Amino acid sequence: MASQGVNVLRYSALLGGLFYGAWHQATLNTQAKDAEKDREYKHKESLIQQAKAEWLRKNPPPPKPTGLVTDPEDPRFDLEAFLVAKAAEK
C-alpha cells in the first residue's frame, strides 16, 4: 500500500488539476464571449457606416453658393464682403 504522504500528494494534485481546469475553462469562455461581443459590435458599426453612406447617396448635401450673398436676412450674409464688392463696383 502507498503511504499516507503519497496519497495526500496524489489527491492534492488531482484537486489542484480540477481547480485549474475549471478556472481555465472559465477564462476561455470569457474570452469567447468577449470576442463574440467585439464581432457583433463591429458588424453593427459597419451597418451604421453603410446606412450613412446610403443616406448621403440618396440625399446629397445642397450645393454651396459661390457667389456673394446680398440678402441681409441670410445667415451666410457677410457685411464686409458685401461692402468690398460694392466699393469695387464704383
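Of the accessible area of the chain, with the probe set at 1.4 angstrom, what percent is carbon plus sulfur?
Within the chain, the accessible surface is 62 percent carbon and sulfur.
To make sure I understand the rule: partners must be lysines, Cα under 27 Å from the Cα of Lys52, and not fewer than 8 residues away in the same chain. Which ones qualify?
Within the straight-line limit of under 27 Å, Lys52 reaches these lysines: Lys37, Lys42, Lys44, Lys64.
Rank these residues by their accessible area, most exposed first, probe 1.4 Å: Glu89, Glu45.
Listed by decreasing accessible area, they come as Glu89, Glu45.
Once phi is turned into θ = phi - 60°, what whole-Hz ³J(HN,Hα) does the Karplus curve with 6.51, -1.76 and 1.60 give for every residue of segment 74-80, x standing for Gly and Pro?
For segment 74-80, the Karplus-derived couplings read 6, x, 8, 5, 10, 4, 4 Hz, x marking Gly and Pro.
To the nearest 10 degrees, how steep is helix 4-58 against the longest Cα principal axis of the chain, on a 0 to 90 scale?
For helix 4-58, the angle is close to 20 degrees.
With every protein chain kept in the model, how would you rank Val6, Val84, Val69 by accessible area, 1.4 Å probe, largest at the top?
The most accessible residue leads, giving Val84, Val6, Val69.
Please list, by residue number, every one of the trypsin sites (Lys or Arg not before Pro) in segment 1-80 that is coil in DSSP and has at most 10 other beta-carbon atoms within 10 Å.
Arg76
The values are calculated or read from the model by the stated rules, or taken from the named source; none is laboratory data. Quantities reported herein were computed from a predicted structural model and do not represent experimental measurements. Heads up, the Cβs are rebuilt from the backbone with ideal geometry, glycines too, and the neighbour counts pull from every protein chain shown. Areas reflect the complete protein model, heavy atoms only, side chains present, ligands, DNA and RNA absent. Shrake-Rupley method; radii C 1.70, N 1.55, O 1.52, S 1.80 Å.
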